[in-house]
Structures are given as structure tokens and as C-alpha cells.
Amino acid sequence: MPVFDPACGSGNFLTETFLRLRELENRALGDMLHDQGYLELGGENSLVKVSIDQFYGIEINDFAVAVSKTALWIAEQQALDDTEAIAGQAMPHLPLHDSGNIVCANALRYDWNELLPGGECDYVMGNPPFIGHVARKTNPTLSEDMGIIWGSATKDIDYSTCWYKKAAEYLSKPTAQFALVSTNSITQGIQPPELFPALNNLGWRIRFAHRTFGWDAQSTDMAHVHVVIIGMDKANDATTPPTLYTYQKLDSDPESIHPRHINGYLLDGPDAYVKKRSQKTGPLGSGLNLCDFGSMPIDGGNLILNTREDYDAAMSDPIAAKYVRPFRMGREMINGIDRWCLWLINAEPREMLKSTYLRNHVEAVKKMRLASVREQTRTLADTPWLFGENHQPDVDYLAIPSVFSGRREYATCDYCSSSIIAGNKIYTSLDPDGFNFAIIESAMFMAWQKGIGGRLKSDCNFSNTLVWNTLPLPPVDKAMHAAIVAAGKNILAVRANHPKSSLADLYDPTFMPKDLRDTHQNLDKVVDVAFGAKSWLKDDKDDNDARLQILFDDYVKLIG
């Protein structure tokens, strides 16, 4: 029963697996001893079958290799001591031998078959390095590793996915299995369509999975990573039902269910993977308008007024005061925080030269942009009084934070006046009748956002191309459209009843006002049916899974 960890580090997984298997073996030996009275545990015919020779590992750090070998030796001695205590007879402890089963190598460049042929391996397991694609760009070696495995050094997925692909190609025993601990990002956003079709095409399916929970890696730099565990085999869902473990809290005990099938989003649904849909193509959903990025200052902070003192200083200058506008990122909008900016689109050169305040700030922007290593930023130094990117609507707009708490049951979106400048952490959408607001404030949208959208740790990461443009809202008739709009307007009316509370206050899952929750549920009763539910999917613990099954069915139908 060979067990292989191709990212073994100091051997924790190998050692714990060995100890647990020997523990089971010792328990079985104890039962046999109770029945037979005596057991022969020494020599070639020993009943002790689990050996460290059956455990294999690859680790790139030579010191960690030595530690892992030592840890296995110590574990073997502990297990033999336990066996001696059970059997009442001495076991051979010496000589210690170097099994040679832990090698020092780059696991992504080393042929695993040289250590253990894939046709002989039963299990691959491990905890591959947690390195995202952004961090990887600064290390050419890691990018080269990705190119070796995926055929492209610019693959926009996590480094750990290389171990999934290599394990899937390496194992050739029909009954072999592999399971890996990974950051939860591989089951979110753009990554599932990249990773899991490649595994499915090789015949693998998810046999079991643990949804996101808090992983304490027992080190200062990796503590409390949000991870998933995914185990894969080549069995059939019908004959060997998969198991899905969910956590109500990141540190709680899991609950298990047996879904029909587990897809790469760790959902009970088909292997349908949602890919970005461009702004040129537009939203898939019926009646949904485009969402655009807010405006990006690219100013070194010189056009933004972060504090009341900054605001007062600008307002004390008669010329600058004419160009001060409210400015909102997602944090300010959700938490009701005041922030301002200098919006100088219509400012005349003579005014800016005459105002010492404006002249100093504009010159600081120019200096910052000229010093940039990016050619595009240096080009922007030609117009230092303007935001680097201007996407500001000229009419009132729906504002959607790019990041918001994953604890909330509903999105924290709102309408803003065109005089409020939307920063680059807000998406904007024109929504004259309120239909888009009602859809995005529904539980159905949040199920889609949490199911296929990316995450920043546990926070929701909204994307116009991945989440909004792919939202599979089927065509709705005029009556349904009107009912959805009316239900959305009721939410705005109820929010107005709580003028002292921010969106963060109103949508805290513990303190959400009853009238607001009731109004959202009334909206859900309409929107759930619009997406294809027979009736309102009530807020029990399975409601999101039920919604996601409907959403994936809708998605498959709409994309053909």
C-alpha cells in the first residue's frame, strides 16, 4: 500500500498517516491476540505489515528531507513500542536503515516514476505550496515550473494546481486516489474552468471535498489560511456516492452530505464551468445592464482628500473649493464614511495656476507619474490634474462595491448621485427603473456570487465579467419585470426608515432589522421564481445549494 507525498516538507503528513495506520494495525493485533492467545510478530512472516518503506516523499529543501526521514524513523520506533506493549514480546528495533524513499528535488521537474512507478502507487496526498499567480510573477523559476506542467508560464491559476495535474497524470492504478490541501482560491473565480476540466478529461472526479475552513499551518507567515481539501478518484458517482463536508464557521466541526455530484466549485452540480464574459458581449441575463469600473486616480494620493482636515484645507481655498466632490470606494459606501477628491475635469489652466493649493497638488501628481516604471503612467503626466482613468457616469448610477463581506446574506449596493465620484473599488451601472438593483439585492444573486465569484480570504469579490455578465437570468415577461422592480423599490424605502445606520449596520447578519429582512424575503419570493424555482426557496440551510442548482441549470440552457 504505497503512500506518496510529493510536497512532503518535514514529513508531517507521512508521519501522521504512518502512525494512524500502525495504530489501526496494533488494534487489530490486539483483537487477534485476545482470540488466539499468542502471535508471531518477528521474522519474515511477521503480522506487522505497515512499514515506513511504504511511504514516499519529495521535498525541495534538503534540511526538511532529513527532518522527514528522522520523523518517520521516530514514528516507527513509537509504533513498535506500542506493539510490544500489546503483544508482550520484543520487536526488532535495529538497525535503523535509510529507506531512500524521501528525495530532495523540485517535485514539478522531477519524474515521480523514478521514485515510485505510478502503476504501483495507491495514494498521493499532500499540502502543496500556497503561491498565487500574482506572487508567482515575481519569481521566474515558479513561472517556469508552471510552464512545464501546464504548457504556459502565464497560466492565471495558483501554483498548487500543478500538483493536481501531475498527480492526475502520474497515477495509473484504476483504484488509485489522491487528495490535497489547497487554498480555497482554486475553487473560486477563474480557476475552476482552468483546473477541473483538465482533471475530468483524464477520468477523475471529486470523491470527497471539504469546503472552506481555517487552516492553522502552525507558522507565523501561513497561519489561518482559508483552505479546501479535495480528494479525487476514478469511481462512479452512482456506485460510490461522493461526500461533501461543509463548515458553518471557519473553525467549526464539519457537516457532511452525499450530493449527486461535486463539481470544481465544490457544489452539488454538473461539471459546467463559468468563464468570463466580455463587456463587448455583455450580460447573459435578460434585462441586465453593463457594469463598468469606477474611476482610478493613479495620483499618489494627491487628488484624494482622506480626512476632514484635508477637506477643510481644500475648502479654505476659494478656487479649489469649486472642484471638491464626494469620493467613494467600496469601504466608504458600505460603512458610511466621508471622503472627497479634487475633480478638475472642467478646471481652467488659469484657475489652477492661480490657486496655490491646486498648483501644489497637481505638480505632486505630475512628479509621481513621471517617476513611475510604467510607461502608461508616465504618459498620464501630461494631464496631472485628471484622474488616470475616468469612468464617471453623468447621471445617477447604481454603485456596486468590488469587495464586501462574505458573512452578509445580501449585497450592499446603493444608488449614488452623479456628483459622487466612484473610485476604482466600485462598479457602476445605469439602472433607470431599478431592475438591476433588485436582481443584485436578491439571495439568488448572492448564491451566484458566493458560488462562482472570487474571494479575498472569505470576502466576496465582485467581477463584472465573471459574476455579473454570466448571471443566468432567463427572459422575464413584463409582469414579472414590474414585480421585481417594485420589490426592489420597497427595499430602498425600508432602508430609509433607518437613517442612522450604514449599509454595514443594516446588513450585519446578527442585527439586520426585521422589516428589512422581511422586505428582502419578499423580493426573493419573486426573483426565485423568475430564475425558475417553483416557489420561494425559503431560508433554510440548504437554500443556497438549491439556488445554485437552478442557476447552473439556467446557465447550461442559456449558453447552449
Residue pairs within 6 Å by beta carbon, gap of at least six or interchain, first lying in region 302-314 and in a loop (DSSP other than H, G, I, E, B), second surrounded by fewer than 19 Cβ atoms within 10 Å (Cβ to Cβ), listed first then second, are ASN302/ALA364
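The rows are residues; the columns are (1) part of a helix (DSSP H, G or I); (2) in contact with a Ser or Thr (Cβ under 9 Å, 6 or more places away or on another chain).
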residue	(1), (2)
GLU351	yes, no
VAL362	yes, no
LYS367	yes, no
THR379	yes, no
TRP385	no, no
HIS391	no, yes
VAL395	no, yes
TYR410	no, yes
TYR415	no, no
Scanning for something modelled with pLDDT of 95 or more and under 30 Å from PRO174 (Cβ atoms), does region 59-73 turn up at least one residue?
yes
For the condition out of contact with any helix residue (DSSP H, G or I) (no Cβ under 7 Å at 6 or more places or on another chain) and surrounded by 19 or more Cβ atoms within 10 Å (Cβ to Cβ), what is the one hit in ARG350, ARG308, ARG328?
ARG328
Which ones in region 264-294 are over 24 Å from GLN549 (Cα atoms) and either crowded, with 23+ Cβ neighbours inside 10 Å or touching a Cys at 6+ places or on another chain (Cβ under 9 Å) (or both)?
GLN279, CYS291, GLY294
For MET512, all conditions in the list (1) aliphatic (A, V, I, L, M); (2) under 26 Å from GLY336 (Cα atoms); (3) in a helix (DSSP H, G or I) hold save one; what is the number of the exception?
(3)
Answer yes if at least one residue in region 214-225 is outside the structural domain of GLY11 (by TED's automatic domain parsing) and at pLDDT 95 or above, and no otherwise.
no
Take the conditions in contact with a Pro (Cβ under 6 Å, 6 or more places away or on another chain) and either under 30 Å from VAL476 (Cβ atoms) or among the charged types (D, E, K, R) (or both) and apply them to LYS366. Does it pass?
yes
Look at ILE345 and say whether it is in contact (Cβ under 8 Å) with a residue 40 or more places away in the chain, part of a loop (DSSP other than H, G, I, E, B) and more than 30 Å from the chain's Cα centre (by Cα).
yes
Output for region 419-442, where each listed residue is small (Gly, Ala, Ser), surrounded by fewer than 22 Cβ atoms within 10 Å (Cβ to Cβ) and either at pLDDT below 95 or over 17 Å from LYS489 (Cβ atoms) (or both)
SER419
Sole residue being without any contact (Cβ under 8 Å) to a residue 40 or more places away in the chain, in contact with a Gly (Cβ under 8 Å, 6 or more places away or on another chain) and outside the structural domain of THR17 (by TED's automatic domain parsing), chosen from TYR170, TYR159
TYR159
Residue check for GLY43: modelled with pLDDT of 85 or more and in a loop (DSSP other than H, G, I, E, B):
no
Go through region 462-497 and give me each residue that's under 30 Å from THR187 (Cβ atoms), surrounded by 19 or more Cβ atoms within 10 Å (Cβ to Cβ) and touching a residue at least 24 places away in the same chain (Cβ under 8 Å).
PHE462, SER463, ASN464, LEU466, TRP468, ASN469, THR470, LEU471, PRO472, LEU473
Please pick out the residue among LYS538, LYS534, LYS557, LYS500 that is part of a loop (DSSP other than H, G, I, E, B) and within 27 Å of the chain's Cα centre (by Cα).
LYS538
Restricting the search to region 157-175, which residues are in a loop (DSSP other than H, G, I, E, B) and either crowded, with 22+ Cβ neighbours inside 10 Å or among the hydrophobic types (A, V, I, L, M, F, W, C) (or both)?
ILE157, ASP158, TYR159, SER160, LEU171
Exception for LEU471 within (1) modelled with pLDDT under 95; (2) part of a loop (DSSP other than H, G, I, E, B) falls at (1)
Take the residues in region 332-342 that are surrounded by fewer than 16 Cβ atoms within 10 Å (Cβ to Cβ) and either in a loop (DSSP other than H, G, I, E, B) or among the charged types (D, E, K, R) (or both), then tell me which one is farthest from the chain's Cα centre (by Cα).
ASP338
Somewhere in region 516-528, is a residue assigned by TED's automatic domain parsing to the domain that holds LYS425 and part of a loop (DSSP other than H, G, I, E, B)?
no
Inside region 248-291, can you point out the residues that are of a type in the set (S, T, N, Q) and touching a Gly at 6+ places or on another chain (Cβ under 8 Å)?
ASN263
Just give me the residues in region 306-331 being of a type in the set (Ser, Thr, Tyr) and more than 36 Å from the chain's Cα centre (by Cα), in sequence order.
TYR311, SER316, TYR323
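The values are calculated or read from the model by the stated rules, or taken from the named source; none is laboratory data. Remember, predicted model here, so these are calculated numbers, not experimental data. A quick note on method: Cβ atoms are made from the backbone with ideal geometry, for glycine too, and the neighbour counts reach across all protein chains shown.
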